[in-house]
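One structure below.
The values are calculated or read from the model by the stated rules, or taken from the named source; none is laboratory data. All values derive from a computational prediction rather than experimental measurement. Because the Cβ atoms are built from the backbone with ideal geometry, glycine has one as well, and the counts that use them run over all protein chains shown.
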Amino acid sequence: MSLKESGEMYLETIYILSQIGSPVRSLDIAEYMGYSKPSVSRAVGLLRNAEYISVNHDGYITLTKTGNEIAAKIYDRHITLTKALMLLGVDEEIATEDACKIEHAISDKSFAAIKKHLAEYDN
């Protein structure tokens, strides 16, 4: 499975929900993302087949090592880009929405430059 934006969004959601501490189920993903249960079920199947996630016999979902690496990268991009946009004066709601769009398209090189600049800004 070539991981597209939607797949990255699912992995990021599983990552966020797993950070909260409770086991993640398809229903939790559907509620968090506002998607239908059948859509989530299909995506979970694709992500499992591609070995980005595992699903145990009780239906609890965990990220594989590869899935976790991708999810953490996307989440870091989301947080960093949101912060950068807010520092430019964009209100939080719009900054969050825009960061969500940008995080999937930005190159690693451009993101690294933004992150480096923010680190210098913080010092």
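Okay, here's what the table says:
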| quantity | calculated |
| --- | --- |
| Identity of the residue in the stretch 17-26, among the hydrophobic types (A, V, I, L, M, F, W, C) and modelled with pLDDT of 95 or more, that ends up farthest from residue 76 (Cα to Cα) | 24 |
| Positions within the stretch 64-98 being small (Gly, Ala, Ser), buried (at least 16 other Cβ atoms within 10 Å of the Cβ) and out of contact with any Asp or Glu (no Cβ under 9 Å at 6 or more places or on another chain), in sequence order | 84, 95 |
| Restricting the stretch 99-110 to residues that are out of contact with any helix residue (DSSP H, G or I) (no Cβ under 6 Å at 6 or more places or on another chain) and part of a helix (DSSP H, G or I), the residue that is surrounded by the fewest Cβ atoms within 10 Å (Cβ to Cβ) | 109 |
| Count of the stretch 59-85 residues which are among the hydrophobic types (A, V, I, L, M, F, W, C) and under 19 Å from residue 119 (Cα atoms) | 6 |
| Hits in the stretch 98-123 (condition: closer than 22 Å to residue 70 by Cα, modelled with pLDDT under 95 and of a type in the set (Asp, Glu)) | 103, 108 |
| Residue tally, condition farther than 20 Å from residue 51 by Cα and outside any helix (DSSP H, G or I), over the stretch 11-38 | 5 |
| Pick from the stretch 70-99, criterion hydrophobic (A, V, I, L, M, F, W, C) and without any contact (Cβ under 8 Å) to a residue 24 or more places away in the chain, ranking: nearest to residue 53 (Cα to Cα) | 79 |
